[in-house]
1. For the chain, with the dipole built from +1 on Lys and Arg beta-carbon atoms and -1 on Asp and Glu ones, taken about the Cα centre, which of M21, L257, T107 lies farthest toward the positive end?
2. I need the peptides 202-208, 16-22, 187-193 ranked by packing, meaning the mean over residues of other C-beta atoms within 10 angstrom, with the highest value on top.
3. Just the number, please: carbon plus sulfur as a percent of the accessible area of the chain, 1.4 Å probe, no ligands or DNA/RNA counted.
4. Please identify the DSSP H helices in the chain that span no less than 24 Å along the helix axis (Cα) and have a mean Kyte-Doolittle hydropathy of -0.5 or more.
5. Of all the Cα-Cα pairs you can form in the chain, what percent are over 35 Å apart?
6. Please sort by residue number the chymotrypsin sites (Phe, Trp or Tyr not before Pro) in segment 120-188 whose DSSP state is loop and whose Cβ has at most 10 other Cβ atoms within 10 Å.
7. With every protein chain kept in place and ligands, DNA and RNA left out, what is the accessible area per residue of the chain? Probe 1.4 Å, answer in Å².
8. Go through G75, F117, H215 and say which Cα lies farthest out towards the positive end of the charge dipole of segment 65-217; charges sit on Cβ, +1 for Lys and Arg, -1 for Asp and Glu.
Amino acid sequence: MKIDIVSVFPEYFEVMNLSLMGKAQAKGLLEIKAHNLRDWTHDVHHSVDDTPVGGGAGMVMKPEVWSECLDELLGFSRPSESSALSGTPVLIFPNPSAPLFTQRDATELSHADHLLFGCGRYEGYDARIPDYYRSQGVDVREYSIGDYVLNGGEVAVSVMLEAITRLMPGFMGNPDSIVEESYTGEGALLEHRQYTKPAVWRGISVPEVLLSGNHGKVDRFRRDEALTRTNEIRPDLIEALDCKALDKADRKTLMALGWEVSATHPRRLAD
Ligand code: 6GU
């Protein structure tokens, strides 16, 4: 997978040379290039932003600089030549006011050949930039990574990239560990808790059933813990479950937690 990142702080992405992401690059699985947006400016101050039209605080990133940069990285020098878009990267803009980036998006994007990230700073980027590239047939995405505000898109891009690239075939040493994770698949639940040896540590024992060697019982214990924890922490994920996909024991557990499970999705019973 080819990954281009445009930022006014390209050095930030040197962290991509560490850990599993660095190994994936060394293996040739990933090719990450960070570009400096200021390389596409022509003025002496290398300015990339301007005041917001309509007034207000902060600065907005200018469309002209971005378009010169993106035209080049997308491989179309002039808009009229943009008809043959096969092999065009997915263009992704981090934006705190966009839809949430989810595991589903990460999974979808892990199959792409080429991703191009545009990191905004200041109060954001001119809204015509994503609109324009969409109008040219480019697959443009805008994503937020959560309900809080960061100074710029760099951290958000590194979060999205880690979520995406670890799902690529050959990236993980043990692909099985991906299968059981929280937020994967339709029936997304928070994961059960994990323990390792010793069985008793500082007077605290691991749950006895985990030592029983009875795989059926262990699986049921973990499944019930996943349901219980999800009910406490993320009841919205319980509401999104498909009742048809629940087994008898799941239903029993959910009913004991105060859910009605006979409709399409679980419904919380009035307290
Ligand atoms: Cl994608 N960008 C910024 N600046 N802040 C954020 C965000 C993105 N997602 C959450 N907060």
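The values are calculated or read from the model by the stated rules, or taken from the named source; none is laboratory data. All of these numbers come straight from a predicted model, not from anything done at the bench. Cβ sites come from the backbone with ideal geometry, for glycine too, and all protein chains shown count toward neighbours. Areas reflect the complete protein model, heavy atoms only, side chains present, ligands, DNA and RNA absent. Shrake-Rupley method; radii C 1.70, N 1.55, O 1.52, S 1.80 Å.
1. Most positive-ward Cα: L257.
2. Per-residue mean Cβ counts within 10 Å order the peptides as 187-193, 16-22, 202-208.
3. Heavy-atom surface of the chain belonging to carbon and sulfur, 1.4 Å probe: 53 percent.
4. The qualifying helices: there are none.
5. 35 percent
6. Details: sites: Y122, Y125, Y132, Y133, Y143, Y148, F171, Y183; in loops: Y122, Y148, F171, Y183.
Those that pass, being in a loop and sparsely packed, are Y148.
7. So the chain comes to 59 Å² accessible per residue, rounded to a whole number.
8. Most positive-ward Cα: H215.
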